[in-house]
Amino acid sequence: MTVIGGRYYANQHIPVVPTLLLISGSDSCGGAGQQADIKTATEFGVFTSSCITAVTVQNTQGVKKVDMVNADTVRGQLEAVCEDISIDAVKIGMTGNREVINVIATTIQQQKLQNVVLDPVMAASR
């Protein structure tokens, strides 16, 4: 049996799977962003939750388009995940704009999230 997080099962002798909240863009070719982080976490036995900040249109040749997710939707994703899953760590990638960054920072403080890794995207590779 696998239990996600430890919020409801802290006193039981059931294996607990560490949880990682990924806050970043979605990469349609799977080489970066959410998809790459999910693959990596899975290899280490870590359960991932997602907050998508952008949807990209890209392949191995480059990025063709980026659609940013608005701050209210980012807030909603974060609230939904945090009210249901006990988060052990957070990895932040592509954020997009100041408003989304403020939502992320506020959520981290309000939820008292720990073990935060900031890995900002400065530019896509070609």
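Computed values, structure above
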item: Amide hydrogen neighbours beyond the local backbone of Thr48, cut-off 5 Å, H modeled; result: Leu20
item: Inter-label distance for Ala36 and Asn102, nm, one decimal - labels placed 7 Å from Cα along Cα-to-Cβ; result: 3.0 nm
item: Cβ-Cβ FRET estimate between Asn115 and Asp72, R0 fixed at 25 Å, reported to 0.05; result: 0.40
item: Proximal lysines relative to Lys65, as straight alpha-carbon distance under 25 Å, when same-chain residues fewer than 8 apart are discounted; result: Lys39, Lys91
item: Amide H within-cut-off set for Gly30, under 5 Å, with H built and near neighbours excluded; result: none
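Here, each number is a calculation from the coordinates, and none is a lab measurement. Everything quoted here is computed from the prediction, not taken from an experiment. So basically every Cβ, Gly included, is an ideal-geometry build from the backbone, and we count neighbours across all protein chains shown.
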